[in-house]
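**Student:** Take a look at the following structure, please.
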Amino acid sequence: MMWFNKMIASILPHMPKRLVWIFSKRYIAGQTIDDAVRVSKQLNAEGYMVTIDLLGEFITELHEAEKNRDQYLNIIDTIQKNQIDGNYSLKPSMFGLLLDEEACYRNIREIVAKAVSYNNFVRIDMEDSSCVDREIKLFRRLKEEFPKNVGLVLQAYMRRTLDDLKNLSELNSKDNPLNFRLCKGIYVEPEEIAYKDYDEINRHYLEDLEFILKNGMYPGIATHDIPLIEGAYRLLEKYKVPKDRYEFQMLYGVTPGLRKSIIEKGHRLRVYVPFGEDWFPYSTRRLKENPKVASDIMKALFIRG
Ligand code: FDA
């Protein structure tokens, strides 16, 4: 069945959007800010924090960046007005990272400044390897100006990540700890720069997490993988990390039962809530990760056919 899942995954981007939407709905709050507010309120009521993400990436024209920036500025006002317990995540390629680094910086700086006006926080998502150096540079610059209000994502599958952590640790301080979301990494990268093997990625994930905890940095432990969550529990215990010095993070629509079991143990957990019209690339990535996707698609075709 493995080859079949792989085949389905590779043709997903070419399938009719309407079919892909049937499976994507579970991963996306909806297409509008009202959807994001509704879903976030529900998650808050269940005891989860959220991080709000407007879908979109890799623009080709700089004027799109300004439109995206203005949308984020409005989103922040709306989310704050609704008293959501949440912060913001964004993808720099949506603000022109690969077109004009300086313009991208200015756009994102404005968004961070807006979040800061509400004493809130913006996380810079990590994209594919063409973006990593630029995203770290962007983070360094923003962290200098807004030491409490920006964080970065690091990907355990990248061979460079522990070195990046070591290099960035010069910015860490007790008052303003570095704040990293640690995930495995989702993009398809060449073997020369990224680990490919499940066990190898997991070993490096826990090594990176240990470095973060040992050095008093703040991790967003972003995974749905049970061995990693158990590994994280062990490390949190080993370093006696107070409950407010870390959080778990999961994607909307993925492993809700596991998510619940984590907060029932008294840990904090933040759900990543993506929304927007530009849902297609995000959804196809999620669907490729989901080993059940092929059989789900088969079932839907069968029911509909
Ligand atoms: P793994 O892929 O091994 O999955 C473990 C288990 O989780 C699976 O066996 C399955 O049960 C379940 N599962 C995972 N994905 C599923 C799905 N789509 N549907 C149903 N079940 C699923 N990546 C990146 O490169 N840059 C980024 O900025 C981010 N940001 C980010 C934020 C947050 C909050 C999370 C949780 C993840 C990311 N990621 C990311 C994605 C991340 O890199 C990774 O691809 C996914 O989290 C899947 O990896 P896991 O650690 O869950 O393990």
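Readers should treat all values here as calculations from the given coordinates under stated rules, not as data from a laboratory. This is a predicted model, so every value here is computed, not measured. With ideal geometry, Cβ positions are generated from the backbone for all residues, glycine too; neighbour counts draw on all protein chains shown.
**Student:** Whose amide H sits under 5 Å from the amide H of Arg123, counting only residues 5 or more places off or on another chain, with H placed in the peptide plane?
**Tutor:** Result for Arg123 returns Tyr88, Ser89, Leu90, Gly151.
**Student:** Then there is this: Rounded if a/c is under 1.5, else prolate if a/b is larger than b/c, else oblate: which is the chain, with a ≥ b ≥ c the root eigenvalues of its Cα gyration tensor?
**Tutor:** Numbers: a/c = 1.34, a/b = 1.15, b/c = 1.16.
Because its axes are fairly even, with a/c under 1.5, the chain counts as rounded.
**Student:** If amide hydrogens are placed 1.01 Å from N in the peptide plane, which non-local residues have theirs closer than 5 Å to the one on Thr51?
**Tutor:** Asn87, Val271, Tyr272, Val273
**Student:** Okay, next question. Pairs to check: Lys238/Lys260; Lys238/Lys292; Lys196/Lys265; Lys238/Lys265; Lys148/Lys243; Lys41/Lys137. Give those whose C-alpha atoms are more than 28 Å from each other in this structure.
**Tutor:** Lys238/Lys292; Lys196/Lys265; Lys41/Lys137
**Student:** Next up: Over all alpha-carbon pairs in the stretch 1-119, figure out the percentage whose distance exceeds 19 Å. Could the numbers behind the result be given before it?
**Tutor:** Working: 4028 of 7021 pairs.
Counting every Cα pair in the stretch 1-119, those more than 19 Å apart make up 57 percent.
**Student:** Here is a further query. What share of the DSSP beta bridges in the chain is antiparallel, in percent to the nearest 5?
**Tutor:** Once the DSSP bridges in the chain are tallied, antiparallel ones form about 5 percent.
**Student:** 222 nm [θ] for the chain, helices only, -39500 (n - 2.57) per DSSP H run of 4+, per residue, to 500? Write down the numbers at each step before the final one.
**Tutor:** Details: 12 runs with 151 residues, N = 305.
When only DSSP H runs of four or more count, the value is -15500 deg cm²/dmol.
**Student:** Cα atoms only, the stretch 56-164: Rg and Dmax in Å?
**Tutor:** Considering the stretch 56-164 through its Cα atoms, Rg and Dmax are 13.6, 42 Å.
**Student:** Can you name the helices of the chain, as whole DSSP H runs, whose Cα span along the helix axis is 15 Å or more and whose Kyte-Doolittle mean is not below -0.5?
**Tutor:** 33-45, 101-117, 226-238, 293-304
**Student:** Also: Assuming 0.36 nm per residue, please report the length gained on full extension of the stretch Trp3 to Arg140 beyond their Cα-Cα distance.
**Tutor:** Using 0.36 nm per residue and subtracting the Cα-Cα distance, I get 45.1 nm.
**Student:** Computed from the mean reciprocal separation of all distinct C-alpha pairs, what Kirkwood hydrodynamic radius does the stretch 126-276 have, in Å?
**Tutor:** It works out to 15.9 Å.
**Student:** Right, something else. Which three numbers, in whole Å and largest first, are the semi-axes of the equivalent ellipsoid of the stretch 156-200 derived from its Cα gyration tensor as √(5λ)?
**Tutor:** Semi-axes (√(5λ), whole Å): 25, 11, 8.
**Student:** Note down the nm distance, to one decimal, between modelled labels 7 Å out along Cα→Cβ at Asp278 and at Lys17.
**Tutor:** Between Asp278 and Lys17, the label points sit 1.4 nm apart.
**Student:** I need the phi-derived Karplus couplings for the stretch 183-189: 6.51 cos²θ - 1.76 cosθ + 1.60, θ = phi - 60°, integer Hz, Gly and Pro marked x.
**Tutor:** Rounded to whole hertz, the list is 10, 6, x, 10, 7, 8, 10.
**Student:** Let me ask you something else. Quick one: which residues, 5 or more positions from Phe58 or on another chain, have an amide H under 5 Å from its amide H? H modelled 1.01 Å from N in the peptide plane, none for Pro or chain starts.
**Tutor:** Close amide H contacts, sequence-distant or interchain: Ser93, Met94.
**Student:** Calculate the FRET efficiency for Leu98 and Arg26 from the Cβ-Cβ distance with a Förster distance of 30 Å, rounded to the nearest 0.05.
**Tutor:** Step by step, r from the Cβ atoms, then E = 0.50.
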